[in-house]
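Reading through the structure tokens given below for one structure.
Computed from the coordinates by the stated procedures, all read-outs in this text should not be read as laboratory data. Bear in mind that the values here come from a model prediction, so they are computed numbers and not experimental data. All Cβ positions, even for glycine, are placed from backbone atoms using ideal geometry, and neighbour counts span all protein chains on display.
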Amino acid sequence: MPIKIEQVTRKGLVVNDYDTKLKPTELKKLLSKQANLAINSNKNPFVAKYKNKEINICIKAISYLGIPHLHYKKRIQIPKEWKQILQQKSTLLLGVYSYKNRNTFCLFDTANIK
């Protein structure tokens, strides 16, 4: 059963509301709208070209960590299959927080993934 958790509004206010979790197709659509970025694959992790350089983009929705955690705790879930690709220098790990059609991209450091 969904519960209301802390969300951040466009004006930076914290409110209690239901989590918004973007679907894989919505995540790809968000990437496709970014300037200078061409998505060259249909599967996450995506192969893309940015300023004439080929990169890999692993992207996940940021969502509530779940009960019994506090209502402000958020996470992304990284599949085990991504471990090898995340170790490559040309790979980005992106999280997307979404609330009321407002999206915030978070770039995660992958330097310590082993």
For the stretch 24-35, does any single residue satisfy the condition of being aliphatic (A, V, I, L, M), outside any loop (DSSP other than H, G, I, E, B) and touching a His at 6+ places or on another chain (Cβ under 8 Å)? no
Restricting to the stretch 72-114, and then to whatever is small (Gly, Ala, Ser) and surrounded by 14 or more Cβ atoms within 10 Å (Cβ to Cβ), can you tell me which residue is farthest from the chain's Cα centre (by Cα)? Ser98
I'd like to check something: does the stretch 78-86 contain any residue that is in contact with a Ser or Thr (Cβ under 8 Å, 6 or more places away or on another chain), of a type outside the set (Phe, Trp, Tyr), touching a residue at least 12 places away in the same chain (Cβ under 8 Å) and farther than 19 Å from Ala111 by Cα? no
Taking Leu37 as the residue in question, decide whether it is surrounded by 15 or more Cβ atoms within 10 Å (Cβ to Cβ), under 19 Å from Leu93 (Cβ atoms) and more than 14 Å from the chain's Cα centre (by Cα). yes
Of everything in the stretch 69-100 that's part of a loop (DSSP other than H, G, I, E, B) and β-branched (Val, Ile, Thr), which residue is farthest from Lys4 (Cα to Cα)? Ile78
Scan the stretch 53-68 residue by residue and report those that are more than 14 Å from the chain's Cα centre (by Cα) and either assigned to a strand (DSSP E or B) or crowded, with 20+ Cβ neighbours inside 10 Å (or both). Lys53, Glu54, Ile55
